[in-house]
Amino acid sequence: DEYDLAGAGTGVVEADRLLGADRVRPGDVIIAMASSGLHSNGYSLARYVLLGEGRLGLDAHVADLGRTIGEEMLEPTRIYAKDCLALIAETDVRTFAHVTGGGLAENLARVIPDGLRAELDRGTWTPAPIFAMIAQRGRVERHEMERTFNMGVGMVAIVAPEDTDRALAVLTARHIDSWVLGTIKKSHEGRDSAGEVDLNGEHPRF
């Protein structure tokens, strides 16, 4: 792979120096990269709902998942390092946000500068069945789900608007499900704090 991290030391240092919140501009496009599942976040709540209250065994086969609970919970976390390097090489990337503990909004907020906000549309994706299963069986409210889990988005790239199609093509070629999640806009009038993230709409079929 031409983006092998073992030989990309210089590139990694350069990316760390050039990418950042200070490069984000109104009109920039927010691109989501799909997660492979829970990504090791929220397991205490997942275990409580599915194995505790839900009384499901790890070997219980769930039709919506297409496999057992144990297999779903052991799904490896997707690593995006090479995909991010590919985007840096071929598009004008402003910055990245890795969606870990705290969820999409909290992690994305860290790369949104003063005076700007990220406007996201839930209608652009359907979270994987494991998230709906936890929400429904545990009666977990949306706010708590989005604060605890990645909800199907493992990494976010903010790119220049003219590079949107190219960025999606690069990720598709690398077999990463990706889509336009939202855009960067000016902050709401009267609000001038950093880290504004607005999640709007509803997920299809969730």
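The values are calculated or read from the model by the stated rules, or taken from the named source; none is laboratory data. The structure presented is a predicted model; accordingly, all values stated were derived computationally and were not measured. Note: ideal-geometry Cβ built from the backbone for every residue, glycine included; neighbour counts use all protein chains shown. Accessible surface areas use protein heavy atoms only, side chains included; no ligands, DNA or RNA. Shrake-Rupley method; radii C 1.70, N 1.55, O 1.52, S 1.80 Å.
Quick notes
- Were the residues from D114 through Y48 laid out at 0.36 nm apart, the gain over their Cα-Cα distance would be 19.9 nm.
- Cα gyration tensor shape of the range 133-201, rounded if a/c is under 1.5, else prolate or oblate by comparing a/b with b/c: oblate
- Accessible-area order (highest first, 1.4 angstrom probe) of the listed residues Y48, Y43: Y48, Y43
- Surface share of carbon and sulfur [accessible, 1.4 angstrom probe, percent] for the chain: 49 percent
- Listed values [x] 28; [y] 42; [z] 20, entry calculated as percent of Cα pairs over 29 Å apart: [x]
- Once the C-beta distance of H188 and D22 is scaled by a Förster radius of 22 Å, the resulting FRET efficiency is 0.55 to the nearest 0.05.
- Helical runs assigned H by DSSP (4 residues or longer) give the chain a calculated mean residue ellipticity at 222 nm of -8500 deg cm²/dmol, each run adding -39500 (n - 2.57) before division by the residue total.
- Rough spin-label spacing in nm, given labels placed 7 Å along Cα→Cβ, for A173 and R139: 5.1 nm
- Using a probe of 1.4 angstrom and keeping all protein chains present, the accessible surface of the range 91-200 works out to 45 square angstrom per residue.
- Descending principal axes extents, the range 76-168, alpha-carbon based, whole Å: 43, 34, 22
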